[in-house]
Structure formats: structure tokens, C-alpha cells
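J.: I'd like to ask you about the structure that follows.
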Amino acid sequence: MVAPPLPGPDGGNCGRRWQRHAGGLRWGQRGQPDYLGWGPARCRGTAPAGETRQGGTLTYVTAEEPETLNPYLTQLVVGFDILSLFMESLLEADDQGQYGPRLAESYEAAADGLTYTFTLRTGVKWHDGSDFTAQDVVESYNMIMNPDFGAFSQQGWDKITGAETPDDHTVVFSLDQVYAPFIANVGGAYIAPASALAKGIQSFKEEFGREPFGTGPFRFVEWASGDHITAQANADYWQGAPKLEQIVCKFVPNSNTIAVQLKSGEADLAAYVDAQQFDTYQAIEDKQVIETDSQAWFHLDLKNIDFLMEKPVRQALDFATPKQDIIDKILKGHATISVADVAPISWAYNPNIKPRPYDLEQAKKLLDEAGWTPGPDGIRQKDGKRMQLELWGIAGDQQNQQILQVIAASWKQIGVQADLKFQDIKTLWGPEGYQFTETPTACGYSWFNGNDPDDSFYWHSSQIPDSPTGSGGNLPAYFHPYDMQDQIDELTERGVATIDQEERKKIYWQIQELLHEYVPVIFIYWNKLIFVSPKRLQGFKPNAFTPLFHNVHEWAYRA
Amino acid sequence: MLRYTAQRLLGAIPLILGISVISFVFMQLAPGGPDAMFARNGRMSDEQLAAIRRNMGLDKPVPVQYLHWLKNLLRGDLGTSYVQNRPVTRIILERLPNTLILVGAGLGLALVLALAFGVLAAVRQYSLFDHAVNAVAFFGLAMPVFWFGLMLQLFFGVRLGVLPTAGMHATGETGALDLLKHLVLPAFTLGIGSIAGWSRYVRSSLLEVIHKDYIRTARAKGVRERVVLLRHALRNALIPFVTVVGIDIPLYAVGAVVTETVFAWPGMGRLFYDSLAARDYPVQMGILVLSAFAIILGNLVADLLYAILDPRIKYG
């Protein structure tokens, strides 16, 4: 869910709460419903720095197994996380989301925003011993854009109109339009070795996807299907040999079993554990729990149809949603209230917007004024129409269900009837999903932002699917465009066409104000990411913008 | 008997075809579809989406897709996974032995313990042991697998620290002893339900036989009690038991899904569950057809066993 590309709805297989992460977490750009995101680390009980020792094995336990380790085909966060052991990108985000050097020493954007020049690091070697050169970057670009390959995302790369390599360590990309998210999309993508790409699409998909290699701090050793992936320290790593000797990524689909393994000492590290299990992990003697902010926002989308098209109605529902209560009671405080779609940790966040308070009287007043008055059964009505909607959630996800029950009960108090319905994630976002029925609906799930604040995916009219099988993320507007559609179209277009960060910030501030005013969806909270790690592990610094192992070469056990 | 076996195997062909048609249709009827998530993937254009559907073969009508799948099956090709981009045959073959090990161990454990408990309970009817077995049987039947597995993990793995809690091997280990240690808890968890049910079955079936005339005759002739019990009584009591076991074996495949999940066992049950969630049609179809074949084979073996246990039953 971090750096590079790909939004999409998600939330996991979600057959059961403890499998919540299964099948689901993607690395996101703008827009994927998900539970998780990243944020600057706020550590609890971090071990004091001290002497570290060379060597040791770290066992990372995760509920999900990557479907493939091909960097351009995997859709799962865990795929991107594990790949960060082996592969690297040209640039890397810091804990503020600003991009700095990694495989590229530096980059230069032309003043017109139409040319990007990357200067590559020299002396970097692939795990097979060959040199890292500009050819690798260009061949990676060619593969991603090859229609027969079917990359999961071409975002950013599809804006490139020319790729040149004046010398072995310089790549010049030309664009035909200004596209501000270019640096996050292209700079943050893993670069694949030209030698593997040269073996053709089939081999790259199948063989490289099972046995990847790169320039990173660890070398791939083996992948036992359904069981584990082993990585061995790369002694020739260009930033210096890692201190840890071996990392084992173990696949344990059940969250209770994960807890047992951390307790018994069979596993050392876990990522994105449930907020409700925070205290359980805190109690394990040799482990510490680290909490970071994320870029994932839980919200209710409101289908733009019928009475939900009335702005006062949407605002009333916002007033009647007990956000702080949900955070305190269901998430045990491990979340922060949200007002719009830009995370408080992002440079584009607008700190001036205050959330609507939980105020049932205000909500009732708005509905009264809009002509919706309580009927004989207590449910509001207007012109013979009852204020009734379906409230959808993810089947098997208990946390999600608890939240929706609380909301339905609260809305009942202002005379709105919400009927709870649950379905699995693939059905919810498939062509038979709730979005394509002509009934008023709301649905609770998380979208997961990428590192660039571009949010056209959620709101722009071009993202409204043509048909239930069509592509696009702006599903609530399927039947009718938003009342603020023209404004948000104009703003999101300007957002990607502006290079200057201060200028862009102003645009995204306006977007956030617009979203707060019009309530196209009800923003509820920002998730937290919760990690469990050994107390004696040093250097583990997760953040919202980079994959799990981004600085793994600095990790070490205390002596 | 050989002819009978051949007939049954031939008869299985239309059965498997039928099962594959039904599976294929139901799979397609399930809402969502493998391309659903791609459609909600930011910035995927309609053209890219169409290319992905073409790649998956989803652009063709369902009957054409089925015939295409069947044609490949006859050539021994189960297709390529939508999400793993690898041949389904290879994916299944990686997992199949693991499931066989787990199911074999669970089944073996359940058979041995159920027979022992059942016989002892029958011989000492209404004794303390009988009541104890009864109580344990109800517990075994009533208790949810995921809870029982967790309790075992907490007790043997965390409290006592004598057994590994999950997985098939410790890091870097490949030995048989290591495998055996990892196998104990999941095999017991998988078998516990049947130990309970089957031991009750053996008990009542043996009690029924024990009061028959030929047993009384055997005893009157002065045959030793041990021989009466094991050779005369148990053998006849086993025939209905074999039927029950034959019917229950497919349930083991179902039980294995939960057990494999709780104990992170890299088996086929988990693979099937994941493929359902991902709408990975080729993997689903491969596992379904293979399971159908296994069930048919299991029933056939049970039928053949009758003839061995009871000389009066003859096929052919």
C-alpha cells in the first residue's frame, strides 16, 4: 500500500476477520479501498540504541502470501513489501513523502515539466553480477508498456513519449503533457534487470515472478509455496552489507496463529495487525508494538441518487455519524478522525478544516428544513417517499460490521432507516455490486492513497464507469454526476498539471474544502498501522510512504 | 473384481464430466469475477481492461470457455492461474503432497484411536471408561476446530513449548523428525471429530454383533475371548464402519481447509479457499475435478473393501 501504483477496491478476502488482509492489500496510488496505509512512526517502547551485532535470522510473519513476486504484476501490499528486500526503485520517499535518491543519484525536472533526467548511481550490481545501467530502466519501461504483458498499472509510464540514454548512467524521459505525479509513479517503481526482461514476456511473468532478483540488500533464496520465502544477506550491497544474515517471510493465514507464533518466539515481526489486538501484542515480553499513521481512510460512500443527491441530507448524515465514538470504542483509539481525502501526514493536507461535530439536533434541523419530516413509524418521509437506504459492508469483517451497526443505530435516531447488508469484497466491487442498483445505498470501506495527492481517481467524471463492467473509481456518481462535479473536475485536472508544490498545495486545499462542504462520501477516520517487532531489533522504522523493508540494510539485533 | 473395477472407473468419466460442467457454470454464476478488482484499479483504462479479459479468455461465451478448458484438460493441461501466472498443474502438485500427508496422518490417527476406544467401550459397556469415552466423544463432536487448534497451540506451543505451533518445517529444516513434530497438532485437530463419531459407531456396531448367536456359539466352543472379539465379532462389525469412513473421507478434505488455515499448513485446502476468494477460475476447476476424482476413487476402494471383509459379498 505504499509507494508505487495501483488503487482498486479492496479489503481482503475477508472471509473472516482474521483473514482480513488476505487477498487484499495493495500498494497504492490514489485509491484503493483498504484497511491500511503508512505514516511516520510513533514508537512505543523503542529500545535504546546500543551496540549491534552482525548476523541473525529475522522471521517475518504475514497473513497473506504474494500471488507473484513480479514487480509489475503483483496486486498485493505484501508483494511490494517482500520485493523491497530484493529490488529497488530510482527514487525513494522519505517519511514526509518527499522523493530523494535511491538507484538514481539525482534527477532533474525541466522547467516546462516535460522532461525528466535521471542520473543513475555507478558501481551498482545486480544479484547475478552484471552492472546496473540505463538499459535496465529503459527495458523496464518497455515491459510495463507492452500491451501483451498486461502490467497491473501503467500509471505515469503511459505519459512517456520518448526514452533516451545519452550514456550508460543517464536516462531522459520526455512527456507530452505536464503530469505532476510522475515522480511518485515512475520514480517509486521497482526497476527490473534487463537480462531477465530479455528472456521474453512468458519467462518474465512466470520465472522472474517466482524467483526475482534485483540490486537490493537481500538475495532471493527460495519460495516454498504456502509456507515461506527465504532471503539471504547480499554481502556486495552498494550501501554496505546488511547486518542481519537471513530473513524468512512466513505465511500464516490465521491472525490468532500469528499471535501464538509471536508469543512462542517462532516469529519475530508482524505488520498491519488489528487495532483490536493491540493490547495482546503489547503484553508479549520480548516484543514492542509500533504504531504509525497511514494513508488509508475509512468512509461511507453515498450513491448519488434519490434523496442522497440533496446536499443538506448528506450533511445531516455526516452530523449524525459518531466518528469519535467509533474510534474510541471500536478501534480502541487507534485511528484519527478524517475530514477529507488527504492524510494529515501529507504535505498537501489542509489543517484548517474542522470535522462536523456529532450533533443529532443539527442533523434533525437540516432534514426538517429540507422537507423531510418524521412519518408515523418515526422514519422521515417527503412526498410519500421514506428515507430508507441500504448500508453495505464487508462480509466476515467484524470490525467493519460493528462500525456499521453503530452508524445505523445513530441514523435511526434522526429518522433514517439503514438496512445492513454484507457481501464479500469481489462481489461488492464487481458488476453485481451495490453501486449499480437504483436503490439508495451507502457502503463502508477504506480507500488507500498513494504517495502523490492526485485524487482524480475518486472524484473525476472520467472515472465514472460506462457500464457495470467498465473501469473507474468514481462509482457513487454512476447514475448522476455530483453537484460539484464541474468544480472538482477542474481542480483535479489542475492538480496534476501543476508542477510547483506550493501551487499544488493550494489546489488540494480547495479540493478538501469542497469535499467537506458537499459530503460526496462521509469521511470517518484514518487507519493506523500497527507493527510488532522484537525489542532487541534496531533500525526498524516503518513509515506511511515506503515499503516494509525500505531500510532493512540498517536493521540489526542488539549485541 | 478387476472387471468390476474397470466398469466403475469407466462410469466415473461421465460423472466427472457432469461435475466439471456444473462447477464451471456455478463458478461463472458467482458474482464478482476475476476481472472485478482490475476494474476498480485506478487509472486502468477500458482498453487495458479489455486486454486483460482477452488474456483470461473471459471475452468468449461461457460454453466456448468450457469447451476450451475441456480440450486442454484432455491434453493434460489445466491452464494458467489468473493471479499467479503459472501452470495450474504445477501449483496443485506443489500443494497436493502436503495435504495428503496431513489427511493421511489425521485419518490414520482417527482410525486407530476410534477402533481402540470403540472396542474397549463396547467390551466394558456402561463402565467408567465407556462413560468417559462417551463424554469425550460429545466434546469432540461439538467443539469448533479453530478453537480446539488454538487451545492446542497455546498449551503445547506457548505454555509447554514442546511443539511447533504452525507450518510444516522449522526454518532451514527438511528432516522427517522435524516434519513429524509439526504434524502432531494439526493431525490430531483434524482427526478429533472423527475419533469421537467413529468410536461411538464401532461401539454400537460391535455391541449389536456381540449378542448374535454365532458369537455365543464361539464362546460355548471355548474359543478365547480375545479371538472371539477380534476375529469373529469385530470383523463383522467393521462392514458398516467402512461405509461410514468411506463417506467421511471427503469431509476430511473440508476439515483440512480449516486445519490448514489454523496451522498454516501449506496444503491444497488453503489453495482452494484462496482461489475462491480471488475468483481464480483455472485453479478452482483444477482442484474441483481432482477432488471429484478422489472421492469417486475413495468410494470405489470402500466398496472393494467390503468384499475383502465379507466373503459373501462378491463383485463381478
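Any read-out appearing in this document is the output of simple, stated calculations on the displayed coordinates, not a laboratory observation. For clarity, every value in this text was computed on a predicted model and none was experimentally measured. Every residue, glycine as well, gets a Cβ built from its backbone with ideal geometry; the counts of neighbours run over all protein chains shown.
J.: Where the only charges are on Cβ atoms (+1 Lys, Arg; -1 Asp, Glu), what is the dipole of chain B about its Cα centre, to the nearest 20 debye? Write down the numbers at each step before the final one.
T.: Values: 29 positive and 18 negative charges, 200 e Å.
Using only the charged Cβ atoms, the result is roughly 960 debye.
J.: Could you tell me how far the Cα centroid of region A:340-412 sits from the Cα centroid of region B:183-228, in Å?
T.: Value for the Cα centre distance between the two parts: 63 Å.
J.: Also, I was wondering about something else. If you average the C-alpha positions of region B:1-43 and of region A:512-559 separately, how far apart do those two centres end up, in angstrom?
T.: Between the Cα centre of region B:1-43 and that of region A:512-559, the gap is 42 Å.
J.: Cut-off 12 Å, label point 7 angstrom out along Cα-to-Cβ of B:ASP77: give me the residues of region A:59-73 whose amide nitrogen falls inside.
T.: Within reach of a label on B:ASP77, which here means backbone N under 12 Å from a point 7 Å along Cα→Cβ, region A:59-73 contributes nothing.
J.: To continue, here is another question. What FRET efficiency do you get for A:ASN352 and A:ASP486 if R0 is 30 Å and r is their Cβ-Cβ distance, rounded to the nearest 0.05?
T.: So, using R0 = 30 Å, E works out to roughly 0.80.
J.: Please give the FRET efficiency for B:ALA307 paired with A:GLU108, using the beta carbon to beta carbon distance and R0 = 60 Å, rounded to the nearest 0.05.
T.: Working: r = 83 Å, r/R0 = 1.38.
Efficiency, rounded to the nearest 0.05: 0.10.
J.: Now for a different question. Using Cα positions and a limit of under 29 Å, work out the lysines in reach of A:LYS535, with same-chain residues fewer than 8 apart set aside.
T.: Reachable lysines: A:LYS243, A:LYS250, A:LYS263, A:LYS287, A:LYS329, A:LYS332, B:LYS181.
J.: Using only the alpha carbons of chain B, determine the length spanned along each of the three principal axes and report them from longest to shortest in whole angstroms.
T.: Principal axes ranked by extent give 85, 57, 35 Å for the Cα atoms.
J.: Here is a further query. For B:PHE26 and A:ILE337, FRET efficiency with R0 = 41 Å and r from the beta-carbon atoms, rounded to 0.05? Intermediate values should be presented prior to the final figure.
T.: Numbers: r = 44 Å, r/R0 = 1.07.
For A:ILE337 and B:PHE26, the calculated efficiency is 0.40.
J.: Let me ask something else about it. Take each uninterrupted DSSP H stretch in chain B, measure its Cα extent along the helix axis, and return the ones at 30 Å or beyond whose mean Kyte-Doolittle hydropathy is at least -1.0.
T.: Details: long enough: B:2-29 (40 Å, 1.37); B:88-123 (50 Å, 1.82); B:176-210 (43 Å, 0.93); B:235-262 (38 Å, 1.30); B:281-309 (42 Å, 1.82).
Helices meeting the span and hydropathy rule in chain B are B:2-29, B:88-123, B:176-210, B:235-262, B:281-309.
J.: Return, ordered by residue number, the residues of region B:45-67 whose backbone nitrogen is under 17 Å from a label point located 7 Å along Cα→Cβ of A:ILE201.
T.: B:45, B:47-59
J.: What is the list of residues in region B:289-316 whose amide nitrogen lies under 12 Å from a point 7 angstrom out from the Cα of B:LEU9, following Cα to Cβ?
T.: B:297
J.: Averaged across A:256-267, how many Cβ atoms of other chains sit within 10 Å of each residue's Cβ atom? Let's see the in-between values first.
T.: Details: counts 7, 12, 2, 4, 10, 8, 0, 5, 11, 3, 8, 3.
So the per-residue partner count for this stretch is 6.
J.: Shifting gears a bit: When the Kirkwood hydrodynamic radius is evaluated over all pairs of different C-alpha atoms of region A:253-307, what value in angstrom, to one decimal, is obtained? Don't jump to the answer; show the numbers that get you there.
T.: On the way: mean 1/r = 0.0729 Å⁻¹.
That comes to 13.7 Å for region A:253-307.
J.: Another one. Could you list A:ILE394, B:ILE239 in order of exposure, starting from the residue whose Cβ has the fewest other Cβ atoms within 10 Å? Provide the component values of the computation, followed by the final result.
T.: Numbers: A:ILE394 30, B:ILE239 15.
Going from sparsest to densest Cβ surroundings: B:ILE239, A:ILE394.
J.: Also, I was wondering about something else. Taking only C-alpha pairs under 8 Å that are 6+ residues apart, what is the relative contact order of region B:88-309 in percent? Before the final figure, lay out each step's value.
T.: Numbers: 239 pairs, mean separation 66.9, N = 222.
Rounded, it is 30 percent for region B:88-309.
J.: Shifting gears a bit: Taking 0.36 nm per residue of sequence separation and subtracting the Cα-Cα distance, how much length would be gained by fully extending the chain between A:ASP359 and A:GLU245, in nm to one decimal?
T.: Extra length from A:ASP359 to A:GLU245 when fully extended: 35.4 nm.
J.: Largest first and to the nearest Å, give the Cα extent of region B:207-266 along each principal axis.
T.: 55, 18, 13
J.: Moving on. Once the Cα atoms of the protein assembly as shown are picked out, what are the Rg and Dmax in Å?
T.: According to the Cα coordinates of the protein assembly as shown, Rg and Dmax are 30.1, 109 Å.
J.: Here is a follow-up. Which of A:MET309, B:MET56 comes first, and how do the rest follow, when ranked by fewest Cβ neighbours within 10 Å?
T.: Working: A:MET309 16, B:MET56 20.
The order, fewest Cβ neighbours first, is A:MET309, B:MET56.
J.: Working from Cα positions, state the angle (0 to 90°, nearest 10) between the long axis of helix A:485-496 and the longest principal axis of chain A.
T.: Approximately 20 degrees, to the nearest ten.
J.: Right, next: Under a point spin-label approximation (7 Å from Cα along Cα-to-Cβ), what is the B:GLU208-B:VAL223 distance to one decimal in nm?
T.: The two pseudo-label positions are separated by 2.0 nm.
J.: Any lysines with Cα under 22 Å of the A:LYS303 Cα? List them, leaving off those in the same chain fewer than 8 positions away.
T.: Excluding near neighbours in sequence, the set is A:LYS311, A:LYS323, A:LYS364, A:LYS382, A:LYS385, A:LYS412, A:LYS421, A:LYS426.
J.: Angle, helix A:255-264 long axis vs. longest principal axis of chain A, Cα atoms, 0 to 90°, nearest 10?
T.: With both axes taken from Cα atoms, the answer is about 50 degrees.
J.: Give the order of A:CYS249, A:CYS443 when sorted by the count of other beta carbons within 10 angstrom, beginning with the fewest. Numbers along the way, then the final one.
T.: Numbers: A:CYS249 24, A:CYS443 27.
Listed from fewest to most nearby Cβ atoms, that is A:CYS249, A:CYS443.
J.: To continue, here is another question. Once both labels are modelled 7 Å past Cα along the beta-carbon direction, what's the A:GLU502-A:THR437 spacing in nm?
T.: Taking the two extended label points, one gets 5.2 nm.
J.: Can I ask one more? Extending each Cα 7 Å along its Cβ direction at A:THR57 and A:ASN146, get the distance between those two points in nm, one decimal.
T.: 3.7
J.: Around A:LEU58, which amide H atoms from residues at least 5 apart in sequence, or from another chain, sit under 5 Å from its own amide H, with H modelled in the peptide plane?
T.: Residues meeting the criterion, in which the H sits 1.01 Å from N, are A:GLN246, A:ILE247, A:VAL248.
J.: A further question on this structure: Ranked from highest to lowest mean number of other Cβ atoms within 10 Å per residue, what is the order of the peptides A:268-277, A:294-303, A:198-207?
T.: Details: A:268-277: 22.2, A:294-303: 26.3, A:198-207: 14.7.
Put in order of decreasing packing, that is A:294-303, A:268-277, A:198-207.
J.: So for region B:192-316, Kirkwood radius off the Cα pairs, Stokes-Einstein at 37 °C and 0.692 mPa s: how many µm² s⁻¹?
T.: D, rounded to a whole number, is 189 µm²/s.
J.: Next up: Using Cα atoms only, what is the angle between the long axis of helix A:360-369 and the major principal axis of chain A, expressed in degrees (0 to 90) to the nearest 10?
T.: Tilt relative to chain A: about 60 degrees.
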